[in-house]
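*Asks:* Before I ask anything, let me first share the structure, which is written out below as structure tokens.
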Amino acid sequence: TFQGGTCAVPATLVQTNCDYRLTCPDTTSCDSSSGVTFSALTRTLTLANNATLVLGGGYYNFCSVSVGNNAVITIAPGAKVSIFIDSTSDHGACSSLTSGTFTMSQGATFNAGGSALNAQVFVYGNPSSLGTNQVSLQNVGSSAFLLDAPFSTINLAPSNNTVFEGAMMGYAVTIGQASNFTYEADSSTLASGSLESFYRSYWEQCGGLGTPSAPTAGC
């Protein structure tokens, strides 16, 4: 389970299946009155202006994340978080109602004062139309996270208050003249443990159809 933040009542976000989608079973604690809303239908997470949310360690999978003015996302002490933002381009993984974007608005912060390695954000974007998907960090407050969005355009909008520490990779990256970006060198290793390593070690060709009792029949 994942522990939600300061909703009207502390909400428990439950890992429901192998793709780590989230649900909020207590509708009274994740409705619009709390300032933190999550739609299981569209897999969108929205923080209203001045809302706060605490993320426990683990994997989070969304289609869209929007963080309002002066909203705050923090990570529980000792926790490590990997956030995957999927897209309609990913073989229908997200509905047409969602855009696969990640947006933070005026004064919003994410993992302020923390290690960027403990807050990793991966944006699928649109590989067929490079740069059209937008990741927008609009005059954000102090934040520390790793942002990997190779098919998207990242906009770190100009503001004396914009302080970003960590690392970012995008198809195109725009940093405003008044923005402050500090590279956290150890971010390049992805060695925090929040993201496991998966790779294909070997495979074999099956000549016949398998069965539930003998899935590799014919190999």
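*Asks:* Between residue 50 and residue 142, 0.36 nm times their residue separation minus their Cα-Cα distance comes to what? Present the calculation step by step, with values, prior to reporting the outcome.
*Replies:* Working: separation 92, 0.36 × 92 = 33.12 nm, distance 1.48 nm.
Length gained between residue 50 and residue 142: 31.6 nm.
*Asks:* Okay, moving on. Please compute the length gained on full extension between residue 70 and residue 173, using 0.36 nm multiplied by the number of residues separating them and subtracting their Cα-Cα distance.
*Replies:* Working: separation 103, 0.36 × 103 = 37.08 nm, distance 2.31 nm.
Gain on stretching residue 70 to residue 173: 34.8 nm.
*Asks:* To continue, here is another question. Bins of 10 Å, beginning at zero and ending with the bin holding the largest distance: percent of Cα pairs per bin for region 47-150, please.
*Replies:* 16, 47, 31, 5
FYI, it's all coordinate maths here, none of it is from the lab. Worth saying up front: this structure is predicted, and the values here are computed from it rather than measured.
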